[in-house]
1. Which one of the conditions (1) surrounded by fewer than 18 Cβ atoms within 10 Å (Cβ to Cβ); (2) modelled with pLDDT of 85 or more does Leu350 fail to meet, given that it meets all the rest?
2. Please enumerate the residues belonging to the stretch 333-357 that are over 38 Å from the mean Cα position of the chain (by Cα) and either aliphatic (A, V, I, L, M) or part of a helix (DSSP H, G or I) (or both).
3. Do the conditions hold for Gly90, that is, is it at pLDDT 65 or above and of a type outside the set (Lys, Arg)?
4. Right, Gly363: at pLDDT 85 or above and in a loop (DSSP other than H, G, I, E, B) or not?
5. State all residues of the stretch 11-27 that are farther than 15 Å from Phe131 by Cβ and touching a residue at least 40 places away in the same chain (Cβ under 8 Å); if no residue qualifies, say none.
6. Going by the structure shown, is Phe143 in contact with a helix residue (DSSP H, G or I) (Cβ under 7 Å, 6 or more places away or on another chain) and either farther than 30 Å from Phe25 by Cβ or of a type in the set (Asp, Glu) (or both)?
7. Consider the stretch 159-185. How many of its residues are in a helix (DSSP H, G or I), under 21 Å from Lys10 (Cα atoms) and in contact (Cβ under 8 Å) with a residue 24 or more places away in the chain?
Amino acid sequence: MEKIKRQSLKRSFMKSVALTMLIVFLCSGLAIFGCYRFQKHILPDLNEIWLTQQTTSPDGTVTEAKKRYVLDAPPESFGQLVADGQEHDGAEWQTSYRIERIESSYSMLSPKVRTVYRASQICMVLLSFLFAVIGITLCAWWFYHKVLEPPIIVMMDATAHIQDHDLNFQITFDRQDELGQLCTAFEKMRRTLYENNRQMWNMLEERRALQASVAHDLRNPIAIMTGYVEYLQENSKSGTLTEEKLEKALFNLGITAERMVRYTDTMRNMDTIEETAVQPREVEFPEFLQHMADSLAILFQNTEVRFSCNCQVPKCRVILDGELLYRIMENLLSNALRFAEQKIELTFCLEHGILTSTVTDDGPGFSDKLLKKKTALFYSEDNSGQHLGLGLAVSRVLCQKHGGTIELSNQPPHGACVKASITVKQST
């Protein structure tokens, strides 16, 4: 059975048919042989012979005379056989004898035995036909229940799960024929759907988190603006609104309005980034990564922070979206530059089709509060409102579009570590 499982459906079917035909032929042969032996048993075995005497007269006339004898009977002298109307004279006659066994005959059977004999002849044909029908039926039943039905049940069960919007299951079918390959392809489709739904769900959750974060953060500038409006109204009614108070209130209202503008721009930029399409192309490693690092080194001009790049990537050709990777690195290095004290290091590593870019700095590192929310799309530790955490949010979205993600951590003794990974394809 295991041998059939490793073969194609066509070969399994042909073997099943061949085995069925062999069994049918054997059964039919045994049935025909049995009927034949039964017929031989029914027919009488007479054990008798005909003794034929052939006599040639002197004038050339030939005459025959027959007599019936039983072989097992006591010896019996038969003398000279004379045909009817034949008499011997003194002339010379030539005589020869011939013995013939009397065969069993259907005409010698009784009516009942004849019926049984005829039925055995019919059975010789009917049994062969019956064995063929039974063999074909059993072969079809076995092939369906043992080869076709199991994968069909698996596929129907998987379809029912998908119709119920349940992708949290697994299709397990280890046969390697066409139906097994179909189940494997169906399992790949299920995993793809599950992953797509998971990513979509994560994006929706991140979108809700983004909206909640923006809504929460908008309360502060709105409250400030409301407070200053009430302050101006009260002072205006009481006549205590001086030129200095008015200028100070308007200045603070302007700062708060700018902060609200940055929030709205952030939301608009996020919508634009999520609509960005990945456009992969073939590039040379590590030359491409080294050129990108040299280009990003411009960010560190006129700063006291040292930048270094460690490219641990073998020489090869890969397919990726270089512009997208550049935007990710630019955002991560810009964020690191705001907190680094003396140095920032960028490391590239390629393993199993995953390009990992690690940015480390010697700054204070991430807080425990931020690390607990490291999967959030939008988060910032800057309370001034100047930096809204858009760099990490953009980088995370771009990594997800390229089949990767971003991980936040701290490195001892102090400093932040951001690891961005994307999926690439090596070109042959």
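1. It fails just one condition, (1).
2. Taking the stretch 333-357 first, the residues over 38 Å from the mean Cα position of the chain (by Cα) are 333-346.
Scanning the stretch 333-357 gives Leu333, Ser334, Asn335, Ala336, Leu337, Arg338, Phe339, Ala340, Ile344, Leu346.
3. Details: at pLDDT 65 or above: no; of a type outside the set (Lys, Arg): yes.
When the stated conditions are applied, Gly90 does not pass them.
4. On the way: at pLDDT 85 or above: yes; in a loop (DSSP other than H, G, I, E, B): yes.
Yes: the conditions hold for Gly363.
5. Keep residues of the stretch 11-27 that are farther than 15 Å from Phe131 by Cβ, which gives 11-16, 18.
Correct list: Ser12, Phe13, Ser16.
6. On the way: in contact with a helix residue (DSSP H, G or I) (Cβ under 7 Å, 6 or more places away or on another chain): yes; either farther than 30 Å from Phe25 by Cβ or of a type in the set (Asp, Glu) (or both): no.
No, not satisfied.
7. Just the residues of the stretch 159-185 that are in a helix (DSSP H, G or I), to begin with: 159-163, 178-185.
Cutting the leftovers down to under 21 Å from Lys10 (Cα atoms) gives us 178-185.
Within this subset, residues satisfying the condition of being in contact (Cβ under 8 Å) with a residue 24 or more places away in the chain are 178-180, 182-183.
Qualifying residue count, the stretch 159-185: 5.
Results for (1) modelled with pLDDT under 85; (2) acidic (Asp, Glu); (3) surrounded by 15 or more Cβ atoms within 10 Å (Cβ to Cβ); (4) assigned to a helix (DSSP H, G or I), shown as yes or no for each residue.
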site: Glu103; (1), (2), (3), (4): yes, yes, no, no
site: Trp141; (1), (2), (3), (4): no, no, no, yes
site: Tyr144; (1), (2), (3), (4): no, no, no, yes
site: Val154; (1), (2), (3), (4): no, no, yes, yes
site: Asp157; (1), (2), (3), (4): no, yes, no, yes
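The values are calculated or read from the model by the stated rules, or taken from the named source; none is laboratory data. Bear in mind the structure is a predicted one, so any value in this text is a computation, not a measurement. Quick reminder, even Gly has a Cβ in these numbers, built from the backbone with ideal geometry, and neighbours come from all protein chains shown.
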